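First the structure, in the form of structure tokens, and then the observations on it.
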Amino acid sequence: MTQHLFLNDLKHIFDFIIDPFPLCPRLRIVLVESIPEGLEFNSSTTHPSIFQAWINLMAEARSSVDIASFYWTLTNKDTHTEEPTADQGETILKTLAELSGKLSVRIAVNTPQMRQPQDDLRLLNDSGADIRTVNMRALTSGVLHTKFWVVDKKHIYIGSANMDWRSLTQVKELGAVVYNCSCLAADLGKIFEAYWFLGESQSVPSPWPSSFATLYNKDTPLQLPLNNTPSSVYLSSSPPSFCAAGRTPDLQSVLSVMEDAQSFIYIAVMNYLPTMEFSHPKRYWADIDTQLRRVGYEKRVKVRLLISCWASTQPVMFPFLKSLASVYDAKSKLDIQVRLFVVPASPKQKEIPFARVNHNKYMVTDKVAYIGTSNWSGDYFVNTAGSALVVNQTASQTSEPTVQSQLKDVFERDWNSDYSTPLTQHSNLKDLC
């Protein structure tokens, strides 16, 4: 009897060791999207809106809201428009202003240029928010392009949407919200604290103080039960000079995700250029392009790129994309394909500045979901501040749909939609965008 009880106790101990994640139904990850007004898909793939996600996060807030941002244009006044669909942005601004008088609201934002609207930031500052501008031009010759929230040090949002009413109703966006995960929020909080520190610094520390260091990266990811599914998770950051000890630079994250893919790599980004897009003199930058060609050739991985086509598309992007798309030969099993995604616009919608575009910044493979904040040209990885969430849920079988499978469904919905057009050697920018 005593021996049986002893063995039974050992079984309970052993069960705990092999199942380190007791059910955590509150630890959730949710994909969120902004689908522009009038854009309709013949698909069952839908996700909650980014607007609703931000409203939910503010409703959950009890002590703090930290936001890393590029710029703020949440109202019609900011964009000199009279557009009814600005109402969601105006609701976000009003709600955040109300919160600013009740709890800690901190905003790290790229130092605004002279012509950029600043009314939203003034309102939030007057309402009680603490705001620091990060002079990226002086620090790295880049910009603060990051877009994330950290709420109560336990909920996060990260994705492509700017603090802009158009990002909620007139631009196609994608992000992720993670609820009730203090360890991941603390790690993203370290990236925010780096921006906060740089808001009052004339230079980038080298090395960074140990308080900014992380244990979690591509080699030692955080182990979490996201949606009751064992998950390996980490956050990457750019530029490399902003990465404290242990942090994976964003470029290394992108290259690593590609390297680990076994069967497919699907990429949806607004811009794709193997150049330093904003450098003078012009500079070629082939890190990502070379990796895609290499894995496409050496591993025969299926590569799909869904690139945005709109009024601001640079003509120079086309020859590079056509070159990449030429790495296709069914007999040799070389399979790199490129499509262009166009968000249609009515005459009235065309009047909205810098809208009606697919602004997504993600990659999904047979193993990983990568959700970022950067366009894909060299500047965004070398001197511009961005960040990404990397999730791998393929270690075990699960009845729950994984983030990777959900993101794959989003990509395939868009790729196969009427808004997507194959890029051929004869494709013409003027005819498509």
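Among the numbered conditions (1) surrounded by 16 or more Cβ atoms within 10 Å (Cβ to Cβ); (2) among the hydrophobic types (A, V, I, L, M, F, W, C); (3) part of a loop (DSSP other than H, G, I, E, B), the only one that M114 does not meet is (1). Only strands (runs of 3 or more DSSP E) whose full extent lies in segment 317-433 are considered here, and the ones with at least 1 residues that are β-branched (V, I, T), crowded, with 22+ Cβ neighbours inside 10 Å and touching a strand residue (DSSP E or B) at 6+ places or on another chain (Cβ under 7 Å) are 334-341, 361-365, 368-372, 386-392. Within segment 245-300, being surrounded by 20 or more Cβ atoms within 10 Å (Cβ to Cβ), assigned to a helix (DSSP H, G or I) and of a type in the set (K, R) holds for no residue. Here is the figure for segment 165-186: residues that are part of a loop (DSSP other than H, G, I, E, B) and in contact with a strand residue (DSSP E or B) (Cβ under 6 Å, 6 or more places away or on another chain) total 0.
When T95, T81, T75, T146 are checked against the criterion of being touching a helix residue (DSSP H, G or I) at 6+ places or on another chain (Cβ under 7 Å) and in contact (Cβ under 8 Å) with a residue 60 or more places away in the chain, a single residue qualifies: T75. A Cβ distance below 8 Å, combined with a sequence gap of six or more or placement on separate chains, defines the contacts here; from segment 295-320, residues that are farther than 25 Å from V257 by Cα reach residues that are modelled with pLDDT of 95 or more and among the β-branched types (V, I, T) in the pairs C309/V342; C309/T421; W310/V342; W310/V343; W310/V357; S312/V357; V316/T275. Could you list all residues from segment 52-91 that are part of a helix (DSSP H, G or I), crowded, with 19+ Cβ neighbours inside 10 Å and among the charged types (D, E, K, R)? Listed by number, the list holds a single entry, D78.
Could you tell me which of the residues D187, D164, D152 is in contact (Cβ under 8 Å) with a residue 60 or more places away in the chain and farther than 21 Å from T133 by Cβ? Reasoning before the result, please.
Details: D187 fails: in contact (Cβ under 8 Å) with a residue 60 or more places away in the chain; D164 fails: farther than 21 Å from T133 by Cβ.
Of the residues listed, the single one that is in contact (Cβ under 8 Å) with a residue 60 or more places away in the chain and farther than 21 Å from T133 by Cβ is D152.
Annotation note: Cβ proximity below 8 Å between a residue of segment 112-129 that is among the polar types (S, T, N, Q) and a residue that is surrounded by fewer than 13 Cβ atoms within 10 Å (Cβ to Cβ) and part of a loop (DSSP other than H, G, I, E, B) (sequence gap 6+ or interchain) occurs for S127/G101. Every test in (1) in contact with an Asp or Glu (Cβ under 7 Å, 6 or more places away or on another chain); (2) charged (D, E, K, R); (3) within 23 Å of K190 (Cβ to Cβ) is passed by D119 save one, and that test is (3).
The values are calculated or read from the model by the stated rules, or taken from the named source; none is laboratory data. Not measured: the values here are computed from a predicted model. Every residue, glycine among them, receives a Cβ derived from its backbone with ideal geometry; neighbour counts consider all protein chains shown.
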